[in-house]
1. If the Cβ limit is 7 Å and pairs must be 6+ apart or interchain, which residue in segment 224-243 that is under 22 Å from Leu119 (Cβ atoms) and open to solvent by 10 Å² or more (accessible area, probe 1.4 Å) pairs with which residue that is among the acidic types (Asp, Glu) and not in a helix (DSSP H, G or I)?
2. What number of residues within segment 762-802 satisfy the criterion of being loosely packed, with under 15 Cβ neighbours inside 10 Å and assigned to a loop (DSSP other than H, G, I, E, B)?
3. Would you mind stating whether Gln733 is touching a Ser or Thr at 6+ places or on another chain (Cβ under 7 Å) and either open to solvent by less than 60 Å² (accessible area, probe 1.4 Å) or at pLDDT 75 or above (or both)?
4. Scanning for something open to solvent by less than 20 Å² (accessible area, probe 1.4 Å), more than 29 Å from Leu360 (Cα to Cα) and touching a His at 6+ places or on another chain (Cβ under 9 Å), does segment 166-173 turn up at least one residue?
5. Working only within segment 462-483, note down all residues that are in contact with a Gly (Cβ under 6 Å, 6 or more places away or on another chain) and of a type outside the set (Ser, Thr, Tyr).
6. Does Ile8 satisfy the criteria of being modelled with pLDDT of 85 or more and more than 18 Å from Gly122 (Cα to Cα)?
7. Kindly check whether there is at least one residue in segment 32-44 that is farther than 21 Å from Thr384 by Cβ and in contact with a Leu (Cβ under 7 Å, 6 or more places away or on another chain).
Amino acid sequence: MPFHDLRIAIRHLLKSPGFTATAVLMLALGIGATTAIFSVVEGVLLRPLPFPHSERLVELADILQGADVGSNGEIGVTAPDIQAYTRDTHSFESLGGYRQTTYQLSGIGEPAQVNAARLSGGVLPALQVEPLMGRLFTQQEDDNKEHVAVLGYSLWLSRLHGDPRVLGTKILLDRKPYEVIGVMPRNFEFPLVPGHLNSSELWIPMSFDQDELTTGAASWNSNMVGRLKPGLTPAQAESDAQRVAQETMHNYPAFMANMHIRAVVRSLHEKTVEQARQLVRTLFLAIVVVLLIACANLAGLLLVRAIRRRHEIAMRLALGARASVLLREAILESLVLSITGGLLGLVLAAIALRVGVSSLPETLPRINEIGLDWQVVVFAIILTVLTGIVCGLAPAFAALRTNVNEALKEGGRTRTADGGHTRLRSALVVTEIAIALALLVASGLLLRSFEKMRDVDLGFRPDDVLTASYSLPQKQYATQSAVDGFNHELIRRLRQLPGVKFAGLTSFLPASGGSSNTVFDAEGYVAPMSAGMNLATQVSVEGDYLQAIGVPLLSGRHFSPADTADTQLVAIVNHKLAEHCWPGSDPVGKRLRLGLHETKIPWLTVVGEVADVKEASPDIPSKQQYYLPVEQYEKSIGPFASPTDLNGNGGYIAIRTATEPEQIANVLRATVRSIDPQLPLSQVQTLEHVVSDSEAPRRFNTAIISSFAIAAVLLAALGIYSVMAFSAALRTQEMAIRIALGSQRSGILGLVFKSAAKLALAGCAVGLLGVGAAARLLRSFLFDVKPFDPLVLAVAAVCVLILALTAALLPARRAASVDPMKALRAA
């Protein structure tokens with residue numbers, strides 16, 4: 001019996017190929033898009049981390065009192081922290097620290113800059129992932145500072161051609177030999193950082209040097225990961241770690257005496273997905289809204305189909321057909337449509353993911369894991385079945401309410417459907433319009449936000465600037481004189497290149513988001529009682545860096561070749577720092593120094609004030625910043641020196657050109673090779689490209705929501721068109737009588753337009769209420785725009801009204817062009 005009913009349902013649908021194709025395609029787009037977005041949600045948010053028993057993996061970090069930085073105030077951990085927490089805590093099966101870095105890889109093909117991670121001995125045992133080949137390094141190898149390396153699968157394939165005899169061979173990292181002892185599996189990734197380009201390609205022991213354990217004690221530039229012992233909670237582990245933090249503070253050096261830390265332990269999964277959670281949830285909400293519109297349209301089409309078959313249904317009921325049989329047939333028809341649309345939607349989702357994953361913003365972690373796995377397929381199947389049942393129920397019940405006597409008396413004549421059917425169709429269209437308006441408003445708000453973000457003053461001019469990253473290997477550049485010799489020669493040669501206006505080096509590139517916070521003390525500044533520490537971004541520069549990127553000089557002067565280690569220590573501050581520390585006065589001549597008030601290191605004299613430079617995306621507020629000349633680095637930094645800070649042995653090159661910057665990219669590479677043939681450059685790109693990358697997340701938000709809004713509006717227009725067309729067809733006799741009695745055709749047009757306008761206005765009213773309900777969600781995505789922006793609300797409402805009237809135009813013209821004689825004869 002079920003197969004018989006199924007054959008009947010398929011035969012009925014094949015008799016209406018236009019209706020069937022429209023419904024299937026509409027559902028395929030809705031289900032396909034929803035499935036694709038759910039793949040992102042499942043891959044980024046819902047899927048467990050790719051490690052055994054990943055629910056026991058946690059992150060351990062410090063919160064520095066008075067430092068409002070990082071997630072939840074977290075600033076990472078220091079090298080001494082890693083040693084103390086690893087040695088003295090008792091809540092972890094294994095615990096270790098890690099730090100991302102880059103190395104110059106040579107000895108196998110052309111030298112290249114590769115992403116790497118330094119791991120202490122407890123990290124890989126905590127992750128519990130076995131290597132594909134070879135072994136992992138041990139805590140003893142870490143303690144003994146042995147030069148061993150574990151390669152990533154992609155690096156093994158690309159640079160070593162998947163050679164199974166790679167174990168025991170030597171590679172050069174910063175021109176130091178490292179023995180390859182293992183290769184990790186294909187899908188292994190750690191640290192789990194956002195973006196394709198940031199993934200580590202190899203791992204080596206942490207092997208702290210003496211500087212990191214002493215002078216680097218105030219550098220919170222590492223992280224920790226651990227595996228909890230069975231039965232212990234993150235809260236219990238945090239209490240254990242806090243005890244160790246208290247002991248660590250007692251052993252701080254004098255210059256850190258007033259620094260206070262608090263340990264925090266939380267799920268590694270939560271840490272990994274926190275930045276992506278809001279975006280992914282919004283994507284899923286938006287696509288579910290579009291699917292709802294598609295379902296409403298399908299329900300409307302099925303309702304129209306049921307009304308047109310009233311006579312057939314009434315005849316079958318009169319002949320004794322049971323209502324349950326008719327209900328089953330109606331739902332089966334809807335299921336056939338939804339399952340066909342769902343299968344096609346899965347194909348579309350697979351294509352969309354293959355093409356679209358690369359366009360996802362770099363803020364999303366674990367992008368490589370996004371795909372159509374079995375959980376996603378199960379989701380698509382459940383969604384397809386639910387869509388078929390829900391969309392088929394309302395039209396089926398509406399059909400069963402057919403008045404048998406009235407329908408049989410009516411025969412083949414066309415007449416206006418009963419009020420219940422009309423109200424149901426109208427309610428569906430009003431819902432579609434409301435949802436479409438809400439998405440259109442969201443799109444408009446995001447577009448205005450993006451426009452305002454593009455108008456933000458960056459504090460520099462990214463046009464005509466070429467940038468590149470480099471790092472000098474310590475083996476060949478072991479002394480400061482060797483480093484200075486390379487940098488001075490590089491700047492000298494770059495300045496001599498045709499078309500180069502300015503050339504400089506820096507530890508930090510604006511709009512890259514890679515800044516760090518340093519504690520400083522300003523002479524004459526008295527902090528309020530409730531204020532935290534003075535924090536600012538420290539930038540080391542050499543040559544004409546500030547001129548190269550076009551940072552305006554507000555007062556004073558730039559650095560000059562006369563600013564050497566033997567002269568007065570100097571600094572340049574940004575406007576925000578100057579206004580904070582010395583409001584209303586010229587900062588030139590004022591003094592500041594690194595560390596707290598009690599830190600007794602040399603003062604720096606401010607010789608210039610420059611504009612505030614955006615460190616990350618333009619929509620993120622500027623921070624306090626100060627600039628130091630590399631030549632005075634060691635003397636001015638003092639105990640705050642860290643091996644990861646720029647002291648002239650690496651950073652970024654910035655060149656301002658009189659021509660297109662891309663044209664001298666090869667010349668830049670050749671210039672570097674002429675000084676050091678083995679030194680590779682990475683990230684050779686224009687500064688405009690760097691800024692564009694910083695805008696990518698907001699650009700993606702805007703583009704995806706706008707796409708959903710356009711789809712929703714077009715689907716709503718289709719809904720209005722179908723309702724108006726069907727209503728006009730049902731009222732053909734009424735229109736003919738009106739025309740025969742003398743009504744003008746313009747009046748007939750007005751009747752149809754009036755019906756469409758009523759639906760559109762009702763939908764707009766409901767949609768505006770929906771915008772109010774979603775205001776809190778929208779606010780987190782907006783920049784310098786309020787959720788109830790009158791201009792956006794007005795434009796969106798007008799667009800919806802115009803589209804509604806446009807969708808009603810063709811049905812209105814058809815109604816107005818009715819031939820009264822033919823219509824009345826057919827009655």
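The values are calculated or read from the model by the stated rules, or taken from the named source; none is laboratory data. These figures come from a predicted structure and were not determined experimentally. Every residue, glycine as well, gets a Cβ built from its backbone with ideal geometry; the counts of neighbours run over all protein chains shown. Side chains are part of the model used for accessible areas, which takes the heavy atoms of the whole protein and leaves out ligands, DNA and RNA. Shrake-Rupley method; radii C 1.70, N 1.55, O 1.52, S 1.80 Å.
1. Lys229/Glu93
2. Final tally of qualifying residues: 4.
3. Working: touching a Ser or Thr at 6+ places or on another chain (Cβ under 7 Å): yes; either open to solvent by less than 60 Å² (accessible area, probe 1.4 Å) or at pLDDT 75 or above (or both): yes.
Yes; evaluated as a whole, the condition is true for this residue.
4. For segment 166-173, residues open to solvent by less than 20 Å² (accessible area, probe 1.4 Å), more than 29 Å from Leu360 (Cα to Cα) and touching a His at 6+ places or on another chain (Cβ under 9 Å): present.
5. Across segment 462-483, the qualifying residues are Leu472, Val483.
6. Details: modelled with pLDDT of 85 or more: no; more than 18 Å from Gly122 (Cα to Cα): yes.
When the stated conditions are applied, Ile8 does not pass them.
7. Taking segment 32-44 and keeping what is farther than 21 Å from Thr384 by Cβ, we get 44.
In the following step, the residues that additionally are in contact with a Leu (Cβ under 7 Å, 6 or more places away or on another chain) were identified as 44.
Yes - at least one qualifying residue is present in segment 32-44.
To keep it simple, each residue is scored yes or no on (1) outside any strand (DSSP E or B); (2) surrounded by 20 or more Cβ atoms within 10 Å (Cβ to Cβ); (3) in contact with an Asp or Glu (Cβ under 7 Å, 6 or more places away or on another chain); (4) at pLDDT 85 or above.
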{"site": "Pro583", "(1), (2), (3), (4)": "yes, no, no, yes"}
{"site": "Asp586", "(1), (2), (3), (4)": "yes, no, no, yes"}
{"site": "Leu592", "(1), (2), (3), (4)": "no, yes, yes, yes"}
{"site": "Glu598", "(1), (2), (3), (4)": "yes, no, no, no"}
{"site": "Ser636", "(1), (2), (3), (4)": "yes, yes, no, no"}
